[in-house]
Amino acid sequence: MIRRTLTALVLVCLPLSAMAQDRQLLGFGRLFDNDAIGDGHDRWKSGSYTVSVLNGPSWGGSLPEQFGSLLEYRFSGAIVSPDEIDKPAANDRRYAGLLSLGVHTYMDLRGIETSLGADLVAVGPATGVGRFQHWVHSAVGGELPDLSNQLPNALRPTVSAELGRNFALSDQISVRPFVAAEAGIETYVRAGGDITIGSFGKGGLMLRDDTTGQRYRAIEGDTVPAMSFTLGGDVAHVFNSDLLPSGGAAVASDSRTRLRAGVAWQGQTSSVFYGLTYLGPEFNSQPAGQVVGSLNINLRF
């Protein structure tokens, strides 16, 4: 059922690219998150991978004013697990494998950088994410995840939005406060900001990663050699989480915090981004936060 529904969403999303004439591929972005390249553990928000494909009539270095003109087709997979994946504690969160597919649009709304999106999120054994992690850990000799108590199969339509504004303090320093909201697989409101020091990505389009809040480049702007350092953080008020269902041993916290830092480098033909994000506890019995690493490498020959 999950595969059939995801296929149906693809068939619905693809015609959106034909709403305007002369549309073209504008960019391609991706980001890999994993705590193995963060604090070295394998727990909680364990890993995710996101791929973004950008489509529109053209890109001139700034967002269009029309709704639906600039579209992102997004596919992502994620692993959420207990602290000890092979022998989870009774009060820890349950294992969940997630796959999601959706479409997002970006526009300039009277000077406000605006994004609106809709995703269909699949959760449970039918995604195959748990079996994939089991196979990888078996191949590398790691601890094998206990999949006996993972969250059951479910499909969760999810909508999201973000409003932000970029303030250039100088040629090399910018500040971007933002507010965001999501309703679906998790329901929350969020507020925060990011500081960028440097010129990496100038004239391009940066997207926000769901797990960490790190921003990754999806449309190239200036590709001259450059480097940037980023600092950011946000806080969310959580109304509901299907990943921490009510009545379970792990009770969702009302608030969440994220603190992040990263460095991006652009060479003549290649670019690299690496970031670290502190994720505060997400449920009441979680004893501590965690640090997740994010990586993006682009090589052109």
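None of the figures in this text is laboratory data; all of them are computed from the coordinates on show. Predicted model only: the values in this text are computed from it and were never measured. Cβ sites come from the backbone with ideal geometry, for glycine too, and all protein chains shown count toward neighbours.
One table, with the values for the structure above:
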item	result
Gain upon complete extension [Q172, D86; 0.36 nm per residue less C-alpha separation]	26.3 nm
Computed [θ] at 222 nm, deg cm²/dmol, the chain (DSSP H ≥ 4; -39,500 (n - 2.57); rounded to nearest 500)	-2500 deg cm²/dmol
Max mean-square fluctuation residue, GNM over the chain, Cα-Cα springs under 10 Å, options P287, P177, P88	P287
For L101, L231, L31, order by how many other beta-carbon atoms lie within 10 Å, fewest first	L231, L101, L31
The range 2-299 - Kirkwood radius from inverse mean 1/r over Cα pairs (Å)	19.9
Net charge, T50 excluded, C-beta distance under 14 Å - Lys, Arg +1, Asp, Glu -1	+1
Angle between the chain longest axis and helix 2-13 axis [Cα atoms, degrees, rounded to 10]	10
Likely footprinting exposure, E186, E84, E65, E220, fewest C-beta neighbours within 10 Å first	E65, E84, E220, E186
Of the trypsin sites (Lys or Arg not before Pro) in the range 80-116, those whose Cβ has at most 12 other Cβ within 10 Å and which sit in DSSP loop	R110
Mean separation of Cα contacts under 8 Å, 6 or more apart, over the residue count of the chain: relative contact order %	16
Under the Karplus curve 6.51 cos²θ - 1.76 cosθ + 1.60, θ = phi - 60°, whole-Hz ³J(HN,Hα) for the range 161-169, x wherever Gly or Pro sits	8, 9, 10, x, 9, 9, 10, 8, 7
Per-residue HN-Hα couplings for the range 51-68 [Karplus 6.51, -1.76, 1.60; θ = phi - 60°; Hz; x = Gly/Pro]	10, 10, 10, 9, 9, x, x, 5, 9, x, x, 8, 5, x, 8, 8, 5, x
